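Chemist: Please find one structure pasted underneath; my questions will follow.
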Amino acid sequence: MNELNQEISKKIIGWKRTRYNRINISERFKKYGSHWNAVMFFMNAFAIVLTIVSLKFPLKTGIDTIVAGCFSIYVILLQYF
């Protein structure tokens with residue numbers, strides 16, 4: 001009976017350790033998610049600024065239309081996906 005109690009105790013300790021580790025990983029992923037949200041916000045703002053600048057101050061080569069289009073597509077994809 002003593003061996004059975006030891007095995008049950010080992011299993012319970014293992015389950016508690018696994019639960020604790022999963023909770024810690026979940027908390028870490030929440031922090032990563034909030035950091036990525038901040039990074040994506042600044043990237044979105046930067047893309048909008050670059051789109052406005054490329055449309056406001058056109059170049060003579062015509063490449064600015066392509067650049068503005070790329071930034072516009074990037075901003076749209078970033079906001080909706």
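Okay, residues lined up against (1) in a helix (DSSP H, G or I); (2) surrounded by 10 or more Cβ atoms within 10 Å (Cβ to Cβ); (3) at pLDDT 80 or above; (4) over 25 Å from the mean Cα position of the chain (by Cα):
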{"site": "E3", "(1), (2), (3), (4)": "yes, no, yes, yes"}
{"site": "R17", "(1), (2), (3), (4)": "yes, yes, yes, yes"}
{"site": "N21", "(1), (2), (3), (4)": "yes, yes, yes, no"}
{"site": "W36", "(1), (2), (3), (4)": "yes, yes, yes, no"}
{"site": "N44", "(1), (2), (3), (4)": "yes, yes, no, no"}
{"site": "V53", "(1), (2), (3), (4)": "yes, yes, no, yes"}
{"site": "G69", "(1), (2), (3), (4)": "yes, yes, no, no"}
{"site": "V75", "(1), (2), (3), (4)": "yes, yes, no, no"}
{"site": "Q79", "(1), (2), (3), (4)": "yes, yes, no, no"}
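Chemist: Still on this structure, please answer the following. Enumerate the pairs (first residue in region 63-81 and of a type in the set (D, E); second residue anywhere and assigned to a helix (DSSP H, G or I)) with beta-carbon separation below 7 Å, excluding pairs fewer than 6 apart on the same chain, so at least 6 apart or on different chains.
Modeler: Qualifying pairs under 7 Å: D64/S54.
The values are calculated or read from the model by the stated rules, or taken from the named source; none is laboratory data. Treat the numbers as computed from the prediction; the structure is a model and nothing was measured. Please note: Cβ atoms are built from the backbone with ideal geometry, for glycine as well, and neighbour counts cover all protein chains shown.
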